[in-house]
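The values are calculated or read from the model by the stated rules, or taken from the named source; none is laboratory data. Computed from a predicted model, the values in this text were never measured in an experiment. Ideal geometry is used to build each Cβ from the backbone, glycine not excepted, and the neighbour counts take in all protein chains shown.
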Amino acid sequence: MSTSYQIVEQNELHFVTFQIIHWIDIFTRQLYRDIVIDNLRFCQQNKGLEIYAFVIMSNHIHLILRSPDNKLSNIIRDFKSFTSKKIITAIHEITESRKKWLINLFELKTKKHQRNDQFQVWTHDNHAEILYQNQFIDQKVRYIHNNPVRAGIVIHPEDYLYSSARSYAGFEGVLEIIPIINSIEKKPFMRTLR
């Protein structure tokens, strides 16, 4: 496994991307997006996960997060494991027109990796990038918030419900976040967190 995107500094701020295997558009259904939101909220309340920005797209998620008190990689592992099981259960329980196709793909992927049990929903890579500088942090926040605009889903970032852009624009969001004080205020980011 490549070490280029592994989380080495476990308690620092990271930009991460979680993607569904084969880029399957699972999050076109609200139920699956809500599974992700519910578990992110659980990780915030019970595992000390701090979320600064996020967006849930049709087949991937971008987040800026950190965990000052726990290993970030452990939280991510648990998050992916739990949401995978919940998504598989939901596929079986609801009227899902793609049920057989989805289950076949999620089962087939397990045959290629020894560490999988019965299904693999998420890829193993998290594409984690540590964030140190305000300019880089601001760039990643803009990238996250403009994802639905670039995809042609909305015209304005704050119009997309499953994004922290709503909170940054002063609207109620589906998930509480910790807004990042941007570099315009000339305050070093890391100083604002400690």
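Pairs please, first residue from region 73-100 and without any contact (Cβ under 8 Å) to a residue 12 or more places away in the chain, second anywhere and in a helix (DSSP H, G or I), Cβ atoms under 6 Å, 6+ apart in sequence or on different chains.
99/91
If residue 49 satisfies all but one of (1) touching a residue at least 60 places away in the same chain (Cβ under 8 Å); (2) within 13 Å of the chain's Cα centre (by Cα); (3) buried (at least 19 other Cβ atoms within 10 Å of the Cβ), what's the number of the condition it fails?
(1)
Being surrounded by fewer than 18 Cβ atoms within 10 Å (Cβ to Cβ) and either hydroxyl-bearing (Ser, Thr, Tyr) or not in a loop (DSSP other than H, G, I, E, B) (or both): is that true of residue 73 here? Please lay out each step first, then the result.
On the way: surrounded by fewer than 18 Cβ atoms within 10 Å (Cβ to Cβ): yes; either hydroxyl-bearing (Ser, Thr, Tyr) or not in a loop (DSSP other than H, G, I, E, B) (or both): yes.
Yes.
Would you check if residue 93 is at pLDDT below 95 and surrounded by fewer than 19 Cβ atoms within 10 Å (Cβ to Cβ)?
Details: at pLDDT below 95: yes; surrounded by fewer than 19 Cβ atoms within 10 Å (Cβ to Cβ): yes.
Against the criterion (at pLDDT below 95 and surrounded by fewer than 19 Cβ atoms within 10 Å (Cβ to Cβ)), residue 93 qualifies.
Select from region 6-33 the residues that are crowded, with 16+ Cβ neighbours inside 10 Å and either part of a helix (DSSP H, G or I) or in contact with a His (Cβ under 6 Å, 6 or more places away or on another chain) (or both) and list them in ascending order.
The answer is 17, 19, 21, 26, 27, 32, 33.
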